[in-house]
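Here is the structure we will look at, set down as structure tokens.
The values are calculated or read from the model by the stated rules, or taken from the named source; none is laboratory data. Since the structure is predicted, the reported quantities are computational estimates derived from the model, not experimental observations. In this analysis, Cβ positions are derived from the backbone assuming ideal geometry, glycine residues included, and neighbour counts consider all displayed protein chains.
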Amino acid sequence: MQAPSGWLQVSADVACESAAPAEQLLLAAGALSVTLQDAADDPVLEPAPGETPLWSSLTITGLFGGDTDPLAVLAALHDRIPDAEWRIAMLPERAWEREWLRGFRPRRFGKRLAVVPGGMEAPAGTVVLKLDPGLAFGTGTHPTTALCLEWLDGLSIGGGEESAPLDGALVLDYGCGSGILAIAAVLLGAAEAIAVDLDPQALLATRANAASNDVAARIVCCTPEQLLSVLGERKADILVANILAGPLRQLLPDFATTLAPGGRIALSGILVGQETALSGAAQPWFRLDRPVVRDDWVRLSGRRSTAS
């Protein structure tokens, strides 16, 4: 007999203290994966110093093979966590790694750059970045990424007899995610990009996306601990970091160390209201231009000071 196709999804809203035992029960019942999500639409983007905010209630979801007996799973869950209202759903078989493409279409950033999902037609007259981000952040749809892509595109255009700042540059992409910024920089004229991230999944996605854009030989992936070894005696000409305001502030001295005097920098992932404090913290090392705002997000850009 042929096994049923698709998946069984079992979910419930539980109190924070019940999340761990519920996760163990789902795994013991045969769940292939378990995910936790805020049940109250109360996002934690960046806690204040010293805070460890916790969601009061969670939606926990277990994903099982389609041939799993849902009644057996529910019986085991109700026996141990009787107060939770468990929901079941059958999900059809899909190419889940491609589901993100449903809402993603080719997009232009600035005058030259276009980000295009695999298999879609690119806009005419553009520098094309083909992208499948995998599990890492960065498709260009979020304002923080879009602001950085537009900034890089602007650096790829020279003025008068001056060459474009990106031409032949060494670019540092700190917090690379999918690698979209490092790849864009190389496609727009940089000689080399160093993509840095704490997350191994991000480095895997960056390597895969670099290969699909035929620029793997010009992009080096590393962790923050490996960066100085990768740079050696060199300094980056351009640095872009799309993270969050708190980590950006902590990393400013490191950015100053790795960026050449007069080098260009862009910082993103900054919420409106955080830019003033971050600009002040950057003054010992950087001369920053006026902030650029999109929706609730800010990009700061400027140059490495030559006197510090």
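Suppose we filter LEU166, LEU135, LEU147 for residues that are at pLDDT 90 or above and assigned to a loop (DSSP other than H, G, I, E, B); which single one remains? From the options LEU166, LEU135, LEU147, the qualifying one is LEU166. Scanning for something under 20 Å from ALA114 (Cβ atoms), aliphatic (A, V, I, L, M) and modelled with pLDDT under 95, does the range 195-205 turn up at least one residue? Looking through the range 195-205, at least one residue is under 20 Å from ALA114 (Cβ atoms), aliphatic (A, V, I, L, M) and modelled with pLDDT under 95.
Could you please let me know if ARG249 is closer than 24 Å to ASP199 by Cβ, among the basic types (Lys, Arg) and touching a residue at least 24 places away in the same chain (Cβ under 8 Å)? Criteria met by ARG249. Against the test of being free of Cβ contacts under 8 Å to residues at least 24 places away in the same chain, out of contact with any Leu (no Cβ under 7 Å at 6 or more places or on another chain) and in the same structural domain as ARG287 (by TED's automatic domain parsing), the options ASP199, ASP214 yield a single qualifying residue, ASP214.
Under the condition of being crowded, with 20+ Cβ neighbours inside 10 Å and without any contact (Cβ under 8 Å) to a residue 60 or more places away in the chain, the residues counted in the range 221-246 number 1.
The set of residues from the range 259-284 being polar (S, T, N, Q) and crowded, with 21+ Cβ neighbours inside 10 Å comprises just one member, SER268. Assess whether LEU252 counts as being in the same structural domain as VAL116 (by TED's automatic domain parsing) and touching a strand residue (DSSP E or B) at 6+ places or on another chain (Cβ under 7 Å). Spelling it out, it is not the case that LEU252 is in the same structural domain as VAL116 (by TED's automatic domain parsing) and touching a strand residue (DSSP E or B) at 6+ places or on another chain (Cβ under 7 Å).
Look at the range 141-194 and say how many of its residues are β-branched (Val, Ile, Thr) and within 13 Å of ARG112 (Cβ to Cβ). Summing the residues that are β-branched (Val, Ile, Thr) and within 13 Å of ARG112 (Cβ to Cβ) in the range 141-194 gives 1.
Yes/no per residue for (1) over 13 Å from the mean Cα position of the chain (by Cα); (2) outside any helix (DSSP H, G or I); (3) over 30 Å from GLY125 (Cα atoms):
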site: LEU172; (1), (2), (3): yes, yes, no
site: ALA184; (1), (2), (3): yes, no, no
site: ALA193; (1), (2), (3): yes, yes, no
site: VAL220; (1), (2), (3): yes, yes, no
site: VAL230; (1), (2), (3): yes, no, yes
site: ARG234; (1), (2), (3): yes, yes, yes
site: ASP237; (1), (2), (3): yes, yes, no
site: LEU267; (1), (2), (3): yes, yes, no
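Within the range 113-132, the residues that satisfy the criterion of being crowded, with 20+ Cβ neighbours inside 10 Å and at pLDDT 85 or above are LEU113, ALA114, VAL115, LEU129.
What do you reckon, is ARG303 of a type in the set (D, E, K, R) and either part of a loop (DSSP other than H, G, I, E, B) or within 19 Å of the chain's Cα centre (by Cα) (or both)? So ARG303 does not fit the description; no. A single entry from THR206, THR257 fulfils the requirement of being within 11 Å of CYS176 (Cβ to Cβ), assigned to a helix (DSSP H, G or I) and among the β-branched types (Val, Ile, Thr): THR206.
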